[in-house]
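The values are calculated or read from the model by the stated rules, or taken from the named source; none is laboratory data. Everything numeric here is computed off the predicted structure, so don't read it as measured data. Positions of Cβ are backbone-derived with ideal geometry, glycine not excepted, and every protein chain shown enters the neighbour counts.
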Amino acid sequence: MITGGMNATMSDDVARLIAQLEEQERRLTFGRFDHADAWSLGCLLVELATGRGLPVAIDIRRGRQQMFHAALAGSVADNDEWIARKVRVVERYGASSFLVGRRLAAKGQELDAGMGVDPAEYAAHGGAFPVRVPDVGVVGVVTVSGLPQADDHALVIEAVEAWLARGR
């Protein structure tokens, strides 16, 4: 009975996290997204990360075009591989890489060949967030790699919230 209670609590925690991630995606939308927007959002992410000494790589894309990239002190080339894998998840599923991963984990599933994807090419780990324009859809992806997945996601969310609050 104690185990069942613990599983219920864990399930409740996962359900709350998924609801929070879904709410972020509904709330954090962009009126537009151009080169200047990518640059200013990217610079804000660099400012936040360097101010905290975070060893991350930052990437912003619109469609297939990389519009911003920074590799901060302590980041490694492998971070760029993780970015590419996380971006593919957002592009394929139209949701943040963290949300896709948590939804799968809640079902006891993983992103793998059984779902029609190569895990070497896709990573349902936090850090990639869709740039969504209402009545258009997902037009790009903002990604951070180098921290634990929840922290990568949180840094992107913090920057997007601050950037949107500036009236962008």
Original post:
List the pairs whose first member sits in the range 16-44 and is touching a residue at least 24 places away in the same chain (Cβ under 8 Å), whose second member is loosely packed, with under 13 Cβ neighbours inside 10 Å and not in a helix (DSSP H, G or I), and whose Cβ atoms are under 7 Å apart, counting only residues at least 6 apart or on separate chains?
Top reply: Thr29/Pro134
Subject >> From the options Val117, Val89, residue that is surrounded by 15 or more Cβ atoms within 10 Å (Cβ to Cβ), more than 18 Å from Thr29 (Cα to Cα) and at pLDDT below 95 >> reply: Val117
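Just checking, does the range 64-80 include any residue being closer than 27 Å to Asp13 by Cα, touching a strand residue (DSSP E or B) at 6+ places or on another chain (Cβ under 6 Å) and surrounded by 13 or more Cβ atoms within 10 Å (Cβ to Cβ)?
The first filter runs over the range 64-80 and keeps only residues closer than 27 Å to Asp13 by Cα, leaving none.
No, the range 64-80 contains no residue that is closer than 27 Å to Asp13 by Cα, touching a strand residue (DSSP E or B) at 6+ places or on another chain (Cβ under 6 Å) and surrounded by 13 or more Cβ atoms within 10 Å (Cβ to Cβ).
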Subject >> Filter result (among the acidic types (Asp, Glu), over 13 Å from Arg85 (Cβ atoms) and in contact with a strand residue (DSSP E or B) (Cβ under 9 Å, 6 or more places away or on another chain)) within the range 111-168 >> reply: Asp151
Original post:
Taking Arg61 and the conditions (1) under 18 Å from Ala154 (Cβ atoms); (2) touching a Gly at 6+ places or on another chain (Cβ under 7 Å), which numbered condition does it fall short on, given that it satisfies the others?
Top reply: (1)
**OP:** Go over the candidates Gly74, Gly108 one by one and state the one that is free of Cβ contacts under 8 Å to residues at least 12 places away in the same chain, farther than 13 Å from Asp152 by Cβ and in a loop (DSSP other than H, G, I, E, B).
**Re:** Gly108
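Give the range 77-87 a look and list any residue that's among the charged types (D, E, K, R) and either in contact with a His (Cβ under 9 Å, 6 or more places away or on another chain) or touching a residue at least 12 places away in the same chain (Cβ under 8 Å) (or both), or say none. Let's see the steps before the verdict.
Let us first name the residues in the range 77-87 that are among the charged types (D, E, K, R), namely 78, 80-81, 85-86.
Of everything in the range 77-87, those that are among the charged types (D, E, K, R) and either in contact with a His (Cβ under 9 Å, 6 or more places away or on another chain) or touching a residue at least 12 places away in the same chain (Cβ under 8 Å) (or both) turn out to be Asp80, Arg85, Lys86.
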